[in-house]
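Since every read-out is calculated from the coordinates, none of them should be taken as a lab result. All of these numbers come straight from a predicted model, not from anything done at the bench. Using ideal geometry, Cβ is built from the backbone for each residue, glycine included, and neighbour counts are taken over all protein chains shown.
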Amino acid sequence: MLKYDSYYFQCPHCQAWLEGRNLKAELVNEAILYSDGKVLYDNYITTRQKMLLCPSCGHAFWIEDPKEPFITTEKPDAEVYSWNTWRFYGIRFSDNKGKLALINHYLTFLKKSHYEPKNEIYLRRFLWWAYNDLHRNHQHVRLKYLLNGFMSFGVWHSNRRMILEGEKLFLKNLKGFNNNLKRLLVLLEKHPEEQIDLEVPEIYRELRQFDKAKELLDQLGSRTHFTNEMLRHSKWKDSRVFMVSG
Ligand SMILES: [Zn+2]
């Protein structure tokens, strides 16, 4: 079964054709949601990548408004660069080196130029998720996950080693993580229209400002599974990203 719909677009610099993919709408509800707002389906992020490096010429460009005629669903009669050649800048995530490489990509983009607030928010949000990827799914290190039969011993063991190493790398990069979140918070508070769901209280929680996170969550009218979980983690003084549903 095909899980994705393909679309095609051209690099504005060299006119090379690139293939993009969108998760089929009916599958979005089967995705996994994390407290930082990242949504994964089948290990693929469901948020569209808006900033690209062309795999043919290296030109960096944005796809702001993905509509025709810039994007077509018809396969062009030309050579097409596959999704994997440009998705997340061609990085492989089978180990922590790939995860660090993605962080460095975003840091370089942010250093290289000045962006509109909307675009800077986009880059900093993805940088935040990239830092969190170093220790996302930390719960998988527990023996429970092996005993539940979700994975074989070999898979569990090597996955565990990668997450524990990732946690060390996360702590080593904590200053960069905090600086990014502080700047993202300033931008989001200035541009509330760009905020997604509960990301502001979540940023406070991940910055270990648990009282502020709790205060913002208490101001929300209704309680959901998500807000209850966030309150629970704030009460435990746990700042790590966690899985909300999936
Ligand atoms: Zn190009």
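Could I have the simple spin-label model distance between ASN173 and MET151, label points 7 Å from Cα toward Cβ, reported in nm to one decimal?
Here the answer is 1.9 nm between the modelled labels.
How many nm separate the modelled label positions at ASN119 and TRP236, each set 7 Å beyond the Cα in the direction of the Cβ?
Calculated label separation equals 4.0 nm.
Between ARG92 and TYR4, what length in nm is gained on full extension when 0.36 nm per residue of separation is reduced by their alpha carbon distance?
Full extension of this stretch gives 29.7 nm more.
Distance from the Cα centre of region 91-130 to that of region 10-41, in angstrom?
Cα centroid of region 91-130 versus Cα centroid of region 10-41: 16 Å apart.
Using DSSP to define loop residues, name the chymotrypsin sites (Phe, Trp or Tyr not before Pro) in region 134-238 whose beta-carbon has at most 11 other beta-carbon atoms within 10 Å.
Answer by residue number: PHE150, TRP236.
Taking loop as defined by DSSP and a crowding limit of 14 other beta carbons within 10 Å, which trypsin sites (Lys or Arg not before Pro) in region 13-49 fit?
LYS24, ARG48
How much length is gained on full extension from CYS57 to LYS111, taking 0.36 nm per residue of separation minus their Cα-Cα distance?
Answer, rounded to one decimal: 17.3 nm.
Please state the relative contact order of the chain as a whole percent: Cα pairs under 8 Å, 6+ residues apart?
Relative contact order here is 20 percent.
With the calculation restricted to Cα positions, what are the radius of gyration and Dmax of the chain in angstrom?
Computed over the Cα atoms of the chain, radius of gyration and Dmax are 19.1, 57 Å.
Where nothing but the Cβ of Lys and Arg (+1) and of Asp and Glu (-1) is charged, how large is the charge dipole of the chain around its Cα centre, in debye to the nearest 20?
1220
Among all stretches of the chain without exposed GluC sites (Glu not before Pro) (DSSP loop, at most 13 other Cβ atoms within 10 Å), which one is longest?
Within the chain, the longest run free of exposed GluC sites (Glu not before Pro) spans 80-246.
Using the alpha carbons of region 1-90, what is the convex hull volume per residue in cubic angstrom, as a whole number?
Dividing the Cα hull volume of region 1-90 by its residues yields 115 Å³.
Could you work out how far helix 96-112 tilts from the main Cα principal axis of the chain, as a 0 to 90 degree angle to the nearest 10?
Once rounded, the angle reads 70 degrees.
Straight-line reach from LYS97: which lysines fall under 24 Å, measuring Cα to Cα and dropping same-chain residues less than 8 apart?
LYS38, LYS50, LYS111, LYS112, LYS168, LYS172, LYS175
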